[in-house]
Amino acid sequence: MDLGQLAVKKAMKLGADEAEVYILRKKITDVMFASEIESFKTVDSRGLGIRVAKGKQIGLHATSILTEAEVGRAVEKAVKIAEVTPEDPN
């Protein structure tokens, strides 16, 4: 099971009515040169965000640590945030 599926299953198990996961991987390469290459830098970013709904209450949380344990903690935090967030009137 991938981390996205794990996050959704855990959110539903914790009482969320809906769960949505975003997984991002971004790689940026920066090359500086004049007549020859002066610098070369690559940045690789990864992260996961989860949005849960409990009734009309919404909770969001994100992490850049992509382990099962950390994704589980992110889900728990999103659900707890939803539980204390005022209901969306719309």
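Going by what's in this entry, would Thr63 be described as modelled with pLDDT of 95 or more and polar (S, T, N, Q)? The answer is yes for Thr63. Of all residues in the range 22-72, those satisfying the criterion of being of a type in the set (D, E, K, R) and within 15 Å of Val8 (Cα to Cα) are Arg51, Lys54, Glu68, Glu70.
Which strands (runs of 3 or more DSSP E) sit wholly inside the range 9-78 and have at least 1 residues that are in contact with a Lys or Arg (Cβ under 7 Å, 6 or more places away or on another chain), loosely packed, with under 13 Cβ neighbours inside 10 Å and free of Cβ contacts under 8 Å to residues at least 60 places away in the same chain? Reasoning before the result, please.
Values: elements: 18-33, 37-54, 57-63.
Because the criterion is at least 1 residues that are in contact with a Lys or Arg (Cβ under 7 Å, 6 or more places away or on another chain), loosely packed, with under 13 Cβ neighbours inside 10 Å and free of Cβ contacts under 8 Å to residues at least 60 places away in the same chain, the strands (runs of 3 or more DSSP E) in the range 9-78 that meet it are 18-33, 37-54.
The values are calculated or read from the model by the stated rules, or taken from the named source; none is laboratory data. This is a predicted model, so every value here is computed, not measured. Positions of Cβ are backbone-derived with ideal geometry, glycine not excepted, and every protein chain shown enters the neighbour counts.
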